[in-house]
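Accompanying notes for the structure given below.
The values are calculated or read from the model by the stated rules, or taken from the named source; none is laboratory data. For clarity, every value in this text was computed on a predicted model and none was experimentally measured. Counting neighbours? That spans all protein chains shown, and the Cβs are built from the backbone with ideal geometry, glycine included.
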Amino acid sequence: MTEENKGLTRRTVVKGAAWSVPVIAVAVGTPLASASVAPFNATVTANCSNDYDLSVLEGIVGSGLLGTVQAALGLLGITPGATRGFTITATTGTIPAGTQYTLQDPNAILTIGGLETVLAAHAIGVVATAGGYTLTLSNPIPEGSSVFVDLYDAIVNVGALSSLTLTQVQSDANNGDNSATASTLLAAAVDLGTLGIPLVDGSLAVQTCDLI
């Protein structure tokens, strides 16, 4: 009985070792499979509209005169609801996490502090580089979805003219339609006291822009 139990014990160990081989193989193979990137197409488009932030104007003139001053600015062609930035869209497939973009800022009109604030909400990391920034997606962008890289609050050098360009570093997995778009932004200051509106005094940063 003693010898038989020992034999069973040895066979059980051998059987367990034989089953462990494919388990180890699967564990090693899984990271290799996940490293492959499915084909995708991505587009980068510039966004540039209107001229100033309505909340900033309200802080200067107060809510009581907001409508009057806004109407006066409108007569000059100066409109609220300014947007400055780029939209990254996954047109086909999913843009994977880790995809990087280069944001060129040759005249240094952006601040990394302002960029970190707006990009953190979209899970995009930002690192300052020579002549601009490197943006890295922390999360994937599913097909049909977009992420807006808002630059309005990060623009601090209101006296500079610069051509901002966002470029996808990696090519699409199937050499698709990723594109770089440049946006030119010009900032100026409008003295509200010169508009002839009583009891109004202050300067409003107005950003005009063109798309290239």
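Table for the structure above
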quantity: The stretch 153-169 - residue that is part of a loop (DSSP other than H, G, I, E, B) and touching a strand residue (DSSP E or B) at 6+ places or on another chain (Cβ under 6 Å) and, of those, surrounded by the fewest Cβ atoms within 10 Å (Cβ to Cβ); calculated: Val169
quantity: Leu110 being within 13 Å of the chain's Cα centre (by Cα), surrounded by 17 or more Cβ atoms within 10 Å (Cβ to Cβ) and of a type in the set (A, V, I, L, M); calculated: no
quantity: Residue, farthest from the chain's Cα centre (by Cα), within the stretch 135-145, restricted to residues that are of a type outside the set (A, V, I, L, M) and surrounded by 14 or more Cβ atoms within 10 Å (Cβ to Cβ); calculated: Glu143
quantity: Residue among Leu151, Leu137, Leu164 that is at pLDDT 90 or above and among the hydrophobic types (A, V, I, L, M, F, W, C); calculated: Leu137
quantity: Single condition Gly132 does not satisfy, out of (1) surrounded by 16 or more Cβ atoms within 10 Å (Cβ to Cβ); (2) touching a Gly at 6+ places or on another chain (Cβ under 7 Å); (3) modelled with pLDDT of 90 or more; (4) of a type in the set (Gly, Ala, Ser); calculated: (2)
quantity: Boolean, Leu186 is closer than 26 Å to Leu73 by Cβ, out of contact with any Gly (no Cβ under 7 Å at 6 or more places or on another chain) and at pLDDT 75 or above; calculated: yes
quantity: Top-ranked residue of the stretch 73-94 - restricted to ones that are aliphatic (A, V, I, L, M) and at pLDDT 85 or above, ranked as surrounded by the fewest Cβ atoms within 10 Å (Cβ to Cβ); calculated: Leu75
quantity: Qualifying residues in the stretch 51-72 (those that are in contact (Cβ under 8 Å) with a residue 60 or more places away in the chain and assigned to a helix (DSSP H, G or I)) - the one surrounded by the most Cβ atoms within 10 Å (Cβ to Cβ); calculated: Leu57
